[in-house]
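J.: Once you've had a glance at the structure underneath, I'll fire off some questions.
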Amino acid sequence: MQIPLSSPDIGPREIELVNQVLRTRYLSIGPMIERFEKLFARFVGRKHAIAVSSGTAGLHLCMRAIGLQPGDRVLTSSFSFIASANCILYEGGIPIFVDIDPQTLNMDVAATREKLLELQRAGTPARALLVVQIFGQLCDMDPLLKLAAEFELEVIEDACEAIGAEYKGQQAGTFGHAGVFAFYPNKQMTTGEGGMIITDDDTWNELFRSLRNQGRDKAGTWLNHVDLGYNYRMDELSAALGVAQMERLPELLEKRAQVARWYATRLQEIEGVEAPQPAPYTTRMSWFVYVVRLAPEYDREQIIKALAAKGVPARPYFKPIHLQPYYVQRFGYRPGMLPITEAISQRTLALPFFGKMTKDQIDYVCDALAEVLHQYA
Ligand SMILES: Cc1ncc(COP(=O)(O)O)c(C=O)c1O
């Protein structure tokens, strides 16, 4: 059996709506994007939802919105996809990485406070928190928001991996001044490429709409550009996919939750591997990936190779951002800077995970994993 690492869940409704767009003249800036934005804003319970060409584009626009200036410090976590730190660099800001909580793999509150005090003492206080909600689980938001208030920081949420996730009953993306989601095909819902920014701020809403559309004025006047903008628009075909996936979102999230439950049950019997354990304040996990931790004595590369030979792809996830070659070269970062991030990232293994995964496929993956772990114990 060969099992994919991930796979989108596309049904007849998606095909119908994309076809509908193809039969119109509007392949960009048409009615579908408005429909998608309305559905999305209603789902998250925020006033504005602004569709963009990717999650990265959405995060970049948030850095513009907070008015990030060259040299400004933004606290974030290194255990993430590179885009969450790169968006700070786009505006000349400096990402300051804080270590993570070993359970949620998100910014640790005590480490964040320590870093904020350190920056204050050095005379370079932080401007903002870019809170990454990794793997569909939220940070401990209450104390983090308290810190943000105490240190007068803007809060932007990178909720690219967390659509539908909840912290004490509150939805991902709704804690900060703005939140950003992403719809790459491995995500809980997809538009091919695409992203969404949500905010309650009317001024930011106008700014995002202008900046995604080459800095046009509020009325979108023909070739009248009042700001330095970008082409970060989402096209109508992607928006049509988004509408269909939004309509099916409860079903898409539940299928993934079922796959996660199957994994959790099977993994209990397998020695040498830890299943993810959501924190008590996580009232809803939005399963994005299924990342287990191998016991430290295993050689992860060897396990990955042996699993691949059995048709089971598995990936190390994440290599921390501060140890990515570009960051090492530019900032001189070295291993040892973030002990928890580094220790955990050496043991993590993403198993095949997608909503359409069958119980048989999970049994196959778990049998293969048990065999391989036994073989190399
Ligand atoms: C945590 C995180 N931030 C940002 C992004 C960027 O999203 P995109 O790939 O749509 O640009 C992603 C998704 O890939 C992500 O997982």
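The values are calculated or read from the model by the stated rules, or taken from the named source; none is laboratory data. Here the structure is a predicted model, which means the values were calculated and not measured. Note that each Cβ is placed from the backbone with ideal geometry, even for glycine, and that neighbours are counted across all protein chains shown. For the accessible areas, the whole protein counts, side chains as well, though only heavy atoms, and no ligand, DNA or RNA atoms are used. Shrake-Rupley method; radii C 1.70, N 1.55, O 1.52, S 1.80 Å.
J.: If I stretch the segment between T283 and A343 completely, what's the gain in nm (0.36 nm per residue apart, minus their alpha carbon distance), one decimal?
T.: Length difference between fully extended and current span is 18.9 nm.
J.: Just to be sure I understand the model, the point goes 7 Å from the Cα along the line to the Cβ. What's the resulting D142 to D227 distance in nm?
T.: According to this spin-label approximation, the distance is 3.6 nm.
J.: Rounded, prolate or oblate: which fits the chain when a ≥ b ≥ c are the square roots of the eigenvalues of the alpha-carbon gyration tensor, with rounded for a/c under 1.5 and prolate only if a/b beats b/c?
T.: Note, shape of the chain comes out oblate.
J.: Going down the table (K168/K356; K38/K218; K187/K305; K146/K319; K38/K168), which pairs top 22 Å between alpha carbons? Before the final figure, lay out each step's value.
T.: Working: K168/K356 28 Å; K38/K218 19 Å; K187/K305 25 Å; K146/K319 30 Å; K38/K168 25 Å.
Check vs 22 Å cut-off fails for K168/K356; K187/K305; K146/K319; K38/K168.
J.: I'd like the accessible area for M337: 1.4 Å probe, protein heavy atoms, all chains in place, Å² to the nearest 10.
T.: Accessible area, nearest 10 Å²: 80 Å².
J.: To continue, here is another question. Rounded to the nearest 10 Å², what accessible area does D108 have for a 1.4 Å probe in the complete protein model?
T.: 40 Å²
J.: Gaussian network model of the chain, Cα springs within a sub-10 Å range: biggest mean-square fluctuation belongs to which of A279, A111, A219?
T.: Most flexible of the set in this elastic network: A219.
J.: Hey, another quick one. Once label points are set 7 Å from the Cα along Cα→Cβ at both H374 and T358, what is their separation, rounded to one decimal in nm?
T.: It is 2.4 nm.
J.: Rank these residues by their accessible area, most exposed first, probe 1.4 Å: F175, F36.
T.: F175, F36
J.: Cut-off 13 Å, label point 7 angstrom out along Cα-to-Cβ of S7: give me the residues of region 305-319 whose amide nitrogen falls inside.
T.: Flagged as within label range: 313.
J.: Specify the residue with the greatest mean-square fluctuation among L323, L349, L144, computed from a Gaussian network of the chain linking alpha-carbon atoms under 10 Å apart.
T.: Fluctuation is largest for L323.
J.: Stretch A219-Q103 to full length: gain in nm at 0.36 nm per residue minus the Cα-Cα span?
T.: 37.1 nm
J.: Counting only DSSP beta bridges with both residues in the chain, tell me the antiparallel percent, nearest 5.
T.: 60 percent
J.: If you don't mind, there's one more thing I want to ask. Accessible area of W262, 1.4 Å probe, to the nearest 10 Å²?
T.: Ignoring ligands and nucleic acids, W262 comes out at about 70 Å².
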